[in-house]
Amino acid sequence: MNKKLYVISGSSGVGKGTVLKGFLEKHPEYMLSISCTTRKPRPGEVDGVNYFFISKEEFENCIEQDKFLEWAEFAGNFYGTKKKYINQCLFDGKDIILEIDTKGALQVKKRMPEAVLIFICPPSYEVLENRLRGRHTEDEATIQKRLNEAKIELERAESFDYKIVNDDLKKAISELEKVMGCENA
Ligand code: 5GP
């Protein structure tokens, strides 16, 4: 079994979801991990598809029972990846992608040094701010929290294996394919 674990991080609003969606449409053989979160679902999000939406109490129980490969608090909510889920995917022989924040990514690298860390960057901080506001899904306080997190994330990205600038969707997807070794697949 020679399956790989890829971790993709990027500041919120950078468009990493769109890059990943484009990538997965071309490469459905990759599994996208579904995280647990205490955040409330956004309109259109479905439990068990976008996230497993759980209570804070349930989340704390999972931490106590050491059920997470990694977890982090992000902008006031908790997010985590269940060990069992990842192990099952790797056991089933699937390459797996985790879309998680940089704190979580660095925890994964500690536990699984073979994991490949990829960071998706905005072309600039201003572009990021405009994209985040343009989504109209968060209030001002939340936007501020996310912008602060974005600065910290850019610093942490220095220790990632690869960085991809998302200034052009097609280009970003093709760079991701190169990094993941499937540009000709
Ligand atoms: P959002 O609330 O916009 O869906 O996600 C906020 C941040 O949490 C994003 O940077 C996303 O990548 C990150 N995130 C999602 N799932 C996980 C997870 O399981 N663990 C960690 N550490 N971060 C996660």
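For residue 54, state whether it is within 13 Å of the ligand (Cβ to nearest atom) and more than 30 Å from residue 180 (Cα to Cα).
Details: within 13 Å of the ligand (Cβ to nearest atom): yes; more than 30 Å from residue 180 (Cα to Cα): yes.
Here the answer is yes, as residue 54 does meet what is asked.
Please go through segment 126-142 and pick out each residue that is outside any loop (DSSP other than H, G, I, E, B), open to solvent by less than 70 Å² (accessible area, probe 1.4 Å) and either within 12 Å of the ligand (Cβ to nearest atom) or of a type in the set (Lys, Arg) (or both).
132, 142
Only strands (runs of 3 or more DSSP E) wholly contained in segment 1-83 count here; list those with 1 or more residues that are at pLDDT 95 or above and surrounded by fewer than 18 Cβ atoms within 10 Å (Cβ to Cβ). Before you say what the answer is, go through the steps one by one.
Details: elements: 5-10, 68-74, 77-82.
Here the list reads 77-82.
From 107, 88, which residue is touching a residue at least 24 places away in the same chain (Cβ under 8 Å) and not in a strand (DSSP E or B)? Explain how you work it out, then say what you get.
Working: 88 fails: touching a residue at least 24 places away in the same chain (Cβ under 8 Å).
From the options 107, 88, the qualifying one is 107.
If you go through segment 164-172 one residue at a time, do you hit one that is among the aliphatic types (A, V, I, L, M), under 29 Å from residue 110 (Cβ atoms), part of a helix (DSSP H, G or I) and modelled with pLDDT of 90 or more?
From segment 164-172, those among the aliphatic types (A, V, I, L, M) are 164-165, 169, 172; that's our starting set.
Among the residues that remain, those that are also under 29 Å from residue 110 (Cβ atoms) are: 164-165, 172.
Among the residues that remain, those that are also part of a helix (DSSP H, G or I) are: 172.
Then keep just the ones that are modelled with pLDDT of 90 or more; that gives 172.
Taking every residue of segment 164-172 in turn, at least one turns out to be among the aliphatic types (A, V, I, L, M), under 29 Å from residue 110 (Cβ atoms), part of a helix (DSSP H, G or I) and modelled with pLDDT of 90 or more.
What is the number of the single condition among (1) over 14 Å from the mean Cα position of the chain (by Cα); (2) under 24 Å from residue 172 (Cα atoms) that residue 31 does not meet?
Condition not satisfied by residue 31: (1).
Within segment 121-142, track down each residue that is closer than 16 Å to residue 167 by Cα and in contact with a Lys or Arg (Cβ under 8 Å, 6 or more places away or on another chain).
Matches in segment 121-142: 121, 122, 125, 132.
The values are calculated or read from the model by the stated rules, or taken from the named source; none is laboratory data. Every value quoted in this text rests on a predicted model; they were computed, and no experiment measured them. Here Cβ is always computed from backbone atoms with ideal geometry, including for glycine, and neighbour counts include all displayed protein chains. The protein model used for the area step is the full one, side chains on, heavy atoms only, and it has no ligands, DNA or RNA in it. Shrake-Rupley method; radii C 1.70, N 1.55, O 1.52, S 1.80 Å.
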